[in-house]
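The values are calculated or read from the model by the stated rules, or taken from the named source; none is laboratory data. Here the structure is a predicted model, which means the values were calculated and not measured. Note: ideal-geometry Cβ built from the backbone for every residue, glycine included; neighbour counts use all protein chains shown.
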Amino acid sequence: GWCSGAEEESAAASFVAELIGGEADYSPRSDYSDRLRSRSVDPAARADSVAWTLKVQEYYGFLPLTAYLAVNYMDRFLSLHRLPQEDGWAMQLLAVTCLSLAAKMEETLVPSLLDLQIESTRYIFEPRTILRMELLVLTALNWRLRSVTPFTFIDFFACKVDPRGRHMRYLIARATQIILAAIHDIEFLDHCPSSMAAAAVLCAAGETPSLTLLNPRLAVNWCIGLAESNIIYLFSLIIGRGEQLLPTNAAAGGWKEGKNHSSSGS
């Protein structure tokens, strides 16, 4: 685990700093969110695809990372390629394809390509069509599917705010919930995964009575490469979005902080 002795923690910090150094390679192009705002990429079609991905993730009990990766692949592809916009079939095909790729990366049991197309899909695509699209997406992403995401960092950051590990399960579950809720929102696309992870963990810590005195400015000391201004901006943005991103504790699998967190739970 991340919460170990000083030597292991130093090695973990170096490893995390290395990941931060390469995380931009797994993000959409820097002009992508502006293109969504100007509607050169259709923000409503993206929102529908994200909502569908999360529904399927919930239906099949996929990992949160699987849904996040599917949206990451979709955003990276859309930042590089224009899709035909008529009737919305191309966007739906892309969403199904990206979820299929993400499920193959992360899930032990992957539904068939036909079974994946549930939850009110307007079109049903033949498996061979999806497989052809997979190749197109893989080529566009240079086969880089093992993305660096906020989930890469949350265990390490949770350890930084809670070195004794008493609230780890809650912090990780709550930060995960915030990160998934934020993938709907294009304002978060301009910021790197490490900053998003740090801001989400800080928000989760702010709801934990014994951890509430955390100053977001101190997060930059957790490891080399973290961007203080980004973390503070995202922390404020999450708080500002209120109920959208911080629904009251139906949170974190229903755990109520302080009741059942005696274990380190990593």
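With the structure loaded, tell me whether Thr97 is within 28 Å of His191 (Cα to Cα) and crowded, with 18+ Cβ neighbours inside 10 Å or whether it fails that test. It is true that Thr97 is within 28 Å of His191 (Cα to Cα) and crowded, with 18+ Cβ neighbours inside 10 Å. Listed by first and then second residue, the pairs with beta-carbon distance under 6 Å, at least 6 apart or on different chains, first residue in region 149-172 and in the same structural domain as Ala204 (by TED's automatic domain parsing) and over 13 Å from Ala199 (Cα atoms), second at pLDDT below 90 and of a type in the set (S, T, N, Q), are Gly165/Ser264; His167/Thr208; Met168/Ser264; Met168/Ser266.
Restricting attention to region 40-66, which residues are outside any helix (DSSP H, G or I) and at pLDDT 85 or above?
First, the residues of region 40-66 that are outside any helix (DSSP H, G or I): 40-42, 61-63.
Correct list: Gly61, Phe62, Leu63.
Every condition in (1) modelled with pLDDT of 85 or more; (2) touching a Ser or Thr at 6+ places or on another chain (Cβ under 9 Å) holds for Leu180 except the one numbered (2). Taken over region 37-55, the criterion of being free of Cβ contacts under 8 Å to residues at least 60 places away in the same chain, within 15 Å of Cys98 (Cβ to Cβ) and among the charged types (D, E, K, R) is satisfied by Asp48 alone.
For the condition more than 22 Å from the chain's Cα centre (by Cα) and in a helix (DSSP H, G or I), what is the one hit in Leu131, Leu99? Even if it seems obvious, please write down each step before you answer.
Values: Leu99 fails: more than 22 Å from the chain's Cα centre (by Cα).
Sole residue among the options that is more than 22 Å from the chain's Cα centre (by Cα) and in a helix (DSSP H, G or I): Leu131.
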